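The values are calculated or read from the model by the stated rules, or taken from the named source; none is laboratory data. If you're wondering where the values come from, they're calculated on a predicted model, not measured in any experiment. These area figures cover heavy atoms from the full protein model, side chains too; ligands, DNA and RNA do not enter into them. Shrake-Rupley method; radii C 1.70, N 1.55, O 1.52, S 1.80 Å.
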Amino acid sequence: MDNPTRSRRSRSAVLQAALAIIARDGPGRLTLEALAREAGMSKGGLMHQYRSKAAVLLALLEHQLDYFDGFHREQQAELGATHPEAHLVADLATAREATSMPRSVAFAILAAVAEEPGMLSVIRDRAAERLANIRAEATDPELATLRWLAAQGLVHGMLLGVSPLEAEERERLFSRLMDAGQWRPAAAP
């Protein structure tokens, strides 16, 4: 096996180990020693891939953001370039997907941000870009913003573990948010 392939596998094993530790023991138990043990490698081998716990958490965050970016692109491709709300519907579908992820992934993201608050800028920049695209295509940019923010609220409530909604109700709400027929643009003043 060549070095780039071995390195890619090692990095993937570390990320999977991090998710396993966070899911089983909570983010506070994520240490380099625990990661090395869980991934079945030496601490030196781990540190060759990731120099610090913050680097692992950043890699977890980037891994999730890459996943959601890919999911978003797939949704847009399915909707097609002529769909009047392609950006909004793709983003709502991506938010829905985020609520279906295991809680360990949510904890990993929260742990990464708690460990390194500067990582919020990555999330904030992507959100700003997505919202700008949504507003640019919308007939009623304020209504589109409200729908987007409602979806973000559903995701953040789930991530923080404070949502009083069951999964079925959350799914119904996402279906309504994604159904353009449920929303009428505001009349011109």
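Taking all protein chains as present, what is the carbon and sulfur share of the accessible area of the chain, in % to the nearest whole number, probe 1.4 Å? Carbon plus sulfur share of accessible area: 55 percent. In the range 1-107, Cα pairs under 8 Å separated by at least six residues give a relative contact order of 28 percent.
Solvent-accessible surface (1.4 Å probe) assigned to Lys53 amounts to roughly 50 Å². Sorting Asp140, Asp2 by solvent-accessible area of protein heavy atoms yields Asp2, Asp140, largest first, with a 1.4 Å probe.
Normalised by the number of residues in the chain, the average gap of Cα pairs under 8 Å and 6 or more apart makes the relative contact order 21 percent. Per residue, the accessible area of the range 48-189 comes to 57 Å² when a 1.4 Å probe rolls over the protein heavy atoms.
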